[in-house]
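The values are calculated or read from the model by the stated rules, or taken from the named source; none is laboratory data. Just so it is clear, the structure is predicted and the values come from calculations on it, not from any experiment. A quick note on method: Cβ atoms are made from the backbone with ideal geometry, for glycine too, and the neighbour counts reach across all protein chains shown.
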C-alpha cells in the first residue's frame, strides 16, 4: 500500500526534477500515473485497522485534488473479507496537477510565468535550453531581484556591444556587485542570444602594486605605484634586478636598493600578470614568498612563465631556524610537489611534511634577517 504522504513526497521529487522542462515546453507525456498497490485479502485480514486508515486518507485526499486529477477506485470481493472499494491508481495528467498535489502550486506558477517571459524576452530558439538550466535559480529570486534580472537582460540583449563598465548599466538598483553575484544567471542567458562568451561590457583593469626601490628609476619621483598591467607592460624601465614579494606589507617595508624594482605578486593569479611585463623578463628576478605548500605552488607558477626566477629564504634551513613560528597548514593542502622547483625548494617541500604539515609565513621571519638575505641576493650575480 502506498500512502498519501509517500505519494506526495514522490510527486514532490518528480516536480523538482521536471518542472523546468515542463515550464519551458516540450513535455507531451502525462505528468504522472501512480499505482497505489492496494492490499491483498491476507493483508486486510492481518492489518485491518491500517487498511481502513489508508482508505480514509485517500478518500480525504481525493477531495483536495485539482480538477484534472483523478483517483481510480476498484471493487474487491474477498471470500473472508467481504466486498470493498479501494484506491488503485492516482492520475495526475498535467504539470498543474502534479504541482497542486505536491504542494508546489505557487512555485509552479512563478516558474511557468517567468520561463514564458524570459523566452519571449530573449527570443532565440537557443535560449530554451539556457532558460531550462537556470530556471530553478530564476524561480527562487524574490520579485524585486527578478525584476532587476529581467531589466538587465533586456538592456544587455538590446546593447550587446555597449562597452560600458558594469556600474554604468542604466538599470535601477544594479551595480557591479549585483552583476557579479548574478553572473551565472545573466551570462548564459545573454550568450544564448548573442552567441558570445561575454556581456559586451568592460572589465576593470588588472593591476599590480610595485615599489621602485631605486629613486633614480622612479617615474616623476613616484615610488609606490598601483598600475594597470597593460600600462606597466609599456613602461620603459630597465632595472637590473626585480624582487617579487608575496605579502603586500613585506613589499611596503622594503628599503632602498640600487637598480631594483619590487613587485607584489597577488597570489595564485599573479603569474600570468607578471608574465606580461617585458622588463621583468629582462631583469634578474628574485622571488620571496611564504614557506608553505601554496607558497611553493605559487613560486612554481611564476617560474613556469619566468624561468630565470630564483628564490631566497625558501629552504629547509630557514624553516628549521623558525619552527617555533610555524602554524599548521591547511588540512587539504596538496601533498605532491609542484613542477618548476629546484632541488633545494623540493627539499623544503619535504621538510614541511616532515615537521607535521606546517607553514611559515614570510613576515614571521625576523625583518633584519629577511632584508639582509634580499640585499645579498640583489648583490650577487645570477
**Message:** Just to be sure I understand, how many residues within the range 324-382 are touching a strand residue (DSSP E or B) at 6+ places or on another chain (Cβ under 6 Å), touching a residue at least 60 places away in the same chain (Cβ under 8 Å) and assigned to a loop (DSSP other than H, G, I, E, B)?
**Reply:** 1
**Request:** Give just the number: which of (1) surrounded by 14 or more Cβ atoms within 10 Å (Cβ to Cβ); (2) farther than 10 Å from residue 87 by Cβ; (3) free of Cβ contacts under 8 Å to residues at least 40 places away in the same chain does residue 3 not satisfy?
**Result:** (3)
**Fill in**
Per the list (1) in the same structural domain as residue 368 (by TED's automatic domain parsing); (2) within 34 Å of the chain's Cα centre (by Cα); (3) in contact (Cβ under 8 Å) with a residue 24 or more places away in the chain, residue check on residue 202 breaks on (1)
**Prompt:** How many residues are modelled with pLDDT under 85, under 15 Å from residue 203 (Cα atoms) and part of a loop (DSSP other than H, G, I, E, B) if we restrict to the range 168-189?
**Reply:** 1
**Message:** Tell me yes or no: at least one residue of the range 211-220 is outside any helix (DSSP H, G or I), free of Cβ contacts under 8 Å to residues at least 40 places away in the same chain and assigned by TED's automatic domain parsing to the domain that holds residue 312.
**Reply:** yes
**Prompt:** What single numbered condition from (1) crowded, with 16+ Cβ neighbours inside 10 Å; (2) within 18 Å of residue 64 (Cα to Cα); (3) free of Cβ contacts under 8 Å to residues at least 60 places away in the same chain; (4) under 31 Å from the mean Cα position of the chain (by Cα) fails to hold for residue 100?
**Reply:** (4)
**Request:** Output the number of the condition that residue 94 fails; it satisfies all remaining conditions of (1) outside the structural domain of residue 65 (by TED's automatic domain parsing); (2) modelled with pLDDT under 95.
**Result:** (1)
**Request:** Just give me the residues in the range 221-235 being touching a residue at least 24 places away in the same chain (Cβ under 8 Å) and either in contact with a helix residue (DSSP H, G or I) (Cβ under 9 Å, 6 or more places away or on another chain) or more than 21 Å from residue 276 (Cβ to Cβ) (or both), in sequence order.
**Result:** 224, 229, 232, 233, 235
**Asked** Which residues, counting only those in the range 149-167, are modelled with pLDDT of 85 or more and not in a loop (DSSP other than H, G, I, E, B)?
**Response** 149, 150, 151, 152, 153, 154, 155, 156, 157, 158
**Message:** So for the range 251-266 (the condition being in the same structural domain as residue 331 (by TED's automatic domain parsing), assigned to a strand (DSSP E or B) and touching a residue at least 60 places away in the same chain (Cβ under 8 Å)), does at least one residue qualify?
**Reply:** yes
**Fill in**
Note on residue 65: of the conditions (1) crowded, with 16+ Cβ neighbours inside 10 Å; (2) in contact with a helix residue (DSSP H, G or I) (Cβ under 6 Å, 6 or more places away or on another chain); (3) under 30 Å from residue 104 (Cα atoms), unmet is (2)
**Prompt:** Does residue 193 satisfy being within 27 Å of residue 123 (Cα to Cα), in contact with a helix residue (DSSP H, G or I) (Cβ under 7 Å, 6 or more places away or on another chain), in contact (Cβ under 8 Å) with a residue 60 or more places away in the chain and buried (at least 17 other Cβ atoms within 10 Å of the Cβ)?
**Reply:** yes
